[in-house]
Each structure stands twice: as structure tokens, then as C-alpha cells.
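Every number in this text was worked out from the coordinates using simple rules, so none of it is lab data. Keep in mind that what you see is a predicted model, and the values were worked out from it rather than measured. Neighbour counts run over all protein chains shown; Cβ positions are idealised from the backbone, glycine included.
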């Protein structure tokens with residue numbers, strides 16, 4: 001039996017006009033029928049920014065889709081600037097909330113260029129090589145809480161199997177999370193930033209305020 005791929009799939013190339021093209025998308029089941037594909041497309045949220053100037057060879061075209069759970073499902077890029085494919089690849093599968101509420105801010109016309117937005121200093125932590133370990137620790141923290149499991153199981157009892165989960169349901173679950181669990185996640189974030197301060201110098205933390213006050 002052949003092994004199944006589960007990591008994001010990336011394609012890329014150099015097009016005429018020195019344009020760099022990248023396409024990264026999440027792994028999908030081969031048995032997905034046409035009807036389910038249509039349903040998926042209706043649920044996807046699509047974000048597009050286009051600052052590409054072919055005459056000048058500047059700017060970027062970027063198309064990013066979010067699935068029904070609010071996770072990054074695909075990224076398409078076209079531009080004269082060569083990007084690190086590994087960085088784009090690491091974004092696929094992340095919750096949109098990790099991306100500073102990208103969809104809402106784009107919808108409010110606060111983000112003219114996705115590439116420039118993600119290249120800003122606030123996003124440095126997302127591309128750190130230990131960021132996925134941090135996400136894994138959060139998952140383990142949530143799975144280890146009986147109270148969180150009960151909240152999730154209760155919410156799933158009324159879920160229509162054909163329709164699947166929705167962003168609204170996920171938001172309701174987040175609002176019901178115990179304060180202790182939320183505090184634990186926040187503590188993990190602070191630990192992650194503190195342990196990697198040498199690489200993540202743009203994030204100013206509470207203990208640094210205290211140290212600066214002593215001086």
C-alpha cells in the first residue's frame with residue numbers, strides 16, 4: 001500500500017518576464033466527489049490583493065483561501081520578487097487568527113498587499129523554526145483538559161455531518177473555553193517568546209518593562 005501525503009503540496013516556477021510563481025495548497029482526499037468540492041468552494045473565504053505592476057516588475061499578486069474552519073487552505077503568488085517557499089508552505093494549515101485576523105482586516109480594506117503584511121515585524125514569530133512545536137504544545141494542553149473535551153463534545157452533538165463544522169460554531173466553542181485553559185495558552189505564548197528572545201527581538205514583553213524600569 002502506497003503511503004499517503006499529508007503535508008501541504010507546493011509548486012513553483014519562473015515565468016516569462018522574470019515573474020516568480022508559487023502555488024501551495026493543503027493535502028486533500030482523492031475520494032472527494034464533485035458535490036463536496038462545490039460545497040467546499042462555497043464555504044471557502046478568498047482573499048486577493050494585487051499590486052503587481054508588469055511594466056515596472058514590482059508589486060505582488062497574492063490569492064489566499066481559508067477553509068470552513070478558518071484555516072489557510074491555499075496560497076497563490078505571482079510577482080517579480082522571489083519569496084521563500086518554506087515560509088509560504090509553513091502558513092498552510094494555520095488558523096487565520098494566527099495571521100492577525102487577516103480576513104477581517106482585508107475585508108475592511110486595511111491590507112492592500114498580503115505579502116507586505118506578512119513580511120511585517122509582527123509576523124516574525126510565525127516563521128520561526130520552533131513555532132510548530134509551540135502549536136503542538138497548545139494542542140496537547142487542550143487535549144489534556146477534560147472540561148475542554150466536554151465543551152467540544154457537547155457542541156459536536158448538534159453538528160450536521162454533511163455540513164461539517166462552521167466558523168460560527170468554532171467561535172462559540174472559543175467563548176466557552178475555561179479561563180484556566182485560556183490562561184495556559186497565553187502562558188505558553190509568553191514562554192515561547194521568552195525562550196526565543198534572541199531571534200524574536202521585536203516582541204516587547206512584560207518582564208522587559210520591569211527590567212527597563214529598574215534601570
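Quick notes
- With neighbour counts taken as other beta-carbon atoms within 10 Å, the residues 7, 142 rank, fewest first, as 7, 142.
- Order of 148, 48 under a 10 Å beta carbon neighbour criterion, fewest first: 48, 148
- Extension reserve of the residue 194-residue 15 stretch, reckoned as 0.36 nm per residue once the Cα distance is removed: 60.2 nm
- Inter-label distance, nm, simple model (7 Å from Cα along the C-beta direction), residue 122/residue 89: 2.8
- Residue-span extension gain [residue 97 to residue 109] - 0.36 nm each, minus C-alpha spacing: 2.6 nm
- Stretchable slack from residue 133 to residue 182, in nm (0.36 nm times residue separation minus alpha-carbon distance): 15.8 nm
- Relative exposure of 102, 91, 19, judged by other C-beta atoms within 10 Å (fewest first): 19, 91, 102
- 19 Å tail of the calculated P(r), the stretch 9-120, as % of Cα pairs: 47
- Protection proxy ranking, peptides 135-141, 117-123, average beta carbon neighbours within 10 Å, highest first: 117-123, 135-141
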